[in-house]
Amino acid sequence: MESSTITLRRALWKTLIYNDMPTRILGAELAKHDFSAQEHAFARELLSGSIRWQIALDCIAHAHTKGRIRSGVALHAIRLGLYQLLCMNSVADHAAINETINAAKPELGKESKFVNAVLRATSRSVIQSTEALPNTHIFRAFEIGFGKAVFADSTEDPQLAAAQQYSYPHFLVKRWWQEVGEQQCIHRMVTLNQTAQIWRRNNLCKSAPEEVCEKLEIESGVSIVNADGFAAGEWAVQDITSWQTAMMAEVNSNEKVLDLCAAPGGKSFAIYEQTQGQIDLHACDINESRLAIMQVEGERLGHNLQYHQIEIDGEGVPSQDWNVVLCDVPCSNSGVFNKRAEARHRFSKKYLHEVETMQNVFRKKVLSRVVGEKTRVLYSTCSLEPEENQMMAARIAKAFSKKILNEKTFEPSRENAGGYAALIG
């Protein structure tokens, strides 16, 4: 059995290789051990960064190996080591190599030597000045040069070079390049590789602030739950795009509102607060644990909502003459890749088709249960893809003999998440 005393990198490593969505559960895994807030922050950056930049890191790794990297375990270890070597100035080279290998050694076994060789070869290849180097030798995001070519030549295949340099699937880069042009495509990639701005939504049921939404600045190592006013329910964390989307519903007092994909609850709570709680709001979700977390959050904020766990086909949805139905549907997440590190690596033609199919099923099986003649539908995603956004909203409008009253595409920026919203009525 493994000792109850575990290093930070070992805890991170086990989270990475034994879970499909490691960034979602890292906090819970670290909480099992006596790590400091600073160590939590270090682990989050290392895990998210190594996943976010894995396409670029893989290009660098393959350029510094004599043969193929056949083992997924070895590749995970190399990515973690390279991210520390190249992208985290606070980590010494020897620590990036040795501590990464030590943390992964039980799973790496004999491959430890191979991983060590790749990391040390890369470290020796780094060139501090990039001025005289070809574009194939430079990792532009971090202004790091190498003694050999690691990326595609931007003069020969600019889309492939950009995909590798910014660490995005080539298929997605080609889509964006064609849809919005080179400049906007690169702007999206740069933005979605940066840390997202955190916002707070002030609880209008408890105060009358000058601004409903404000930027939230938290000192490093300080937990949000310990910030002033949080425990008392005076405010909640919500992205400004999510709040602006909720406001597009234009909900009035005494209306009946149904949120079909409610958890974690930001839009439901924002609408409830905007009407001072003078609405009948029902929150539904297929995920029991996420709905339970939402209910705890609603109690912290002092809100009186009705909660319903439903089935994927809509079974269990309450039946009323709804004035407004919210549906923030599952999507590709292409507007929030900076928040969801794993999501970009799932993006493919096949995956996009699967998501589109799921949204069509939702329209036919779930929305059809609750949309009446006078119901307004607020449809939203955190995607930038037309198939999930404008095209899907148009299908909903046609299916229920309605019109798109208002719609907005939110381009991602340092201030806000990317996404789409349409009010249909």
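The values are calculated or read from the model by the stated rules, or taken from the named source; none is laboratory data. No experiment lies behind these values; they were computed from the predicted model shown. Counting neighbours? That spans all protein chains shown, and the Cβs are built from the backbone with ideal geometry, glycine included.
Here are the numbers:
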item	result
Pairs where the first residue, in region 322-348, is assigned by TED's automatic domain parsing to the domain that holds Y379 and buried (at least 23 other Cβ atoms within 10 Å of the Cβ) and the second is among the acidic types (D, E) and outside any helix (DSSP H, G or I), C-beta under 7 Å, 6+ apart	L326/D259; C331/E388; S332/E385; S332/E388; S334/E385
Single match in E388, E415 (criterion: out of contact with any Ser or Thr (no Cβ under 8 Å at 6 or more places or on another chain) and in contact (Cβ under 8 Å) with a residue 12 or more places away in the chain)	E415
Sole exception among (1) touching a helix residue (DSSP H, G or I) at 6+ places or on another chain (Cβ under 7 Å); (2) surrounded by 13 or more Cβ atoms within 10 Å (Cβ to Cβ); (3) closer than 30 Å to G27 by Cβ for D239, by number	(1)
Test: residue in region 109-116 that is touching a strand residue (DSSP E or B) at 6+ places or on another chain (Cβ under 8 Å) and either outside the structural domain of R52 (by TED's automatic domain parsing) or crowded, with 22+ Cβ neighbours inside 10 Å (or both)	no
Strands (runs of 3 or more DSSP E) enclosed by region 194-260 - at least 1 residues per element that are in contact with a Cys (Cβ under 9 Å, 6 or more places away or on another chain)	199-202, 256-259
Residue match in region 125-132 (condition: surrounded by 14 or more Cβ atoms within 10 Å (Cβ to Cβ), modelled with pLDDT of 95 or more and out of contact with any strand residue (DSSP E or B) (no Cβ under 8 Å at 6 or more places or on another chain))	no
Residue match in region 212-229 (condition: out of contact with any Gly (no Cβ under 6 Å at 6 or more places or on another chain), buried (at least 17 other Cβ atoms within 10 Å of the Cβ), at pLDDT 95 or above and over 14 Å from R300 (Cα atoms))	yes
Yes/no for V115 being closer than 25 Å to F337 by Cβ, of a type in the set (A, V, I, L, M) and in contact (Cβ under 8 Å) with a residue 40 or more places away in the chain	no
Search result, residues across region 353-398 that are within 17 Å of G418 (Cα to Cα), surrounded by 17 or more Cβ atoms within 10 Å (Cβ to Cβ) and under 21 Å from the mean Cα position of the chain (by Cα)	Y379, S380, T381, C382, S383, L384, E385, E388, N389
Condition check for S268: in contact (Cβ under 8 Å) with a residue 40 or more places away in the chain, closer than 25 Å to E315 by Cα and under 23 Å from the mean Cα position of the chain (by Cα)	yes
Strands (runs of 3 or more DSSP E) within region 313-425 that include 2 or more residues among the charged types (D, E, K, R)	404-410
Lone unmet requirement of (1) in contact with a helix residue (DSSP H, G or I) (Cβ under 8 Å, 6 or more places away or on another chain); (2) over 30 Å from E45 (Cβ atoms) for S334	(2)
Every residue from region 65-99 that is small (G, A, S), within 14 Å of V115 (Cβ to Cβ), surrounded by fewer than 17 Cβ atoms within 10 Å (Cβ to Cβ) and over 24 Å from the mean Cα position of the chain (by Cα)	G67, S71
Extreme residue, nearest to W235 (Cα to Cα), among residues of region 278-305 that are in a strand (DSSP E or B) and over 24 Å from the mean Cα position of the chain (by Cα)	L281
Filtered residue count, region 50-64, keeping only those that are in contact (Cβ under 8 Å) with a residue 60 or more places away in the chain and under 20 Å from the mean Cα position of the chain (by Cα)	7
Scan of region 206-227 for residues that are of a type in the set (A, V, I, L, M) and over 17 Å from A270 (Cβ atoms), ordered by number	I218, V222, I224, V225, A227
Some residue of region 399-416 being at pLDDT 95 or above, surrounded by 15 or more Cβ atoms within 10 Å (Cβ to Cβ) and touching a Cys at 6+ places or on another chain (Cβ under 8 Å)	no
Residue in region 300-320 that is at pLDDT below 95 and among the hydrophobic types (A, V, I, L, M, F, W, C) present	yes
Check on A31, farther than 30 Å from Q159 by Cβ, at pLDDT below 95, under 24 Å from the mean Cα position of the chain (by Cα) and of a type outside the set (S, T, Y)	yes
Test: residue in region 282-304 that is in contact with a strand residue (DSSP E or B) (Cβ under 6 Å, 6 or more places away or on another chain), closer than 15 Å to R376 by Cβ and assigned by TED's automatic domain parsing to the domain that holds N323	no
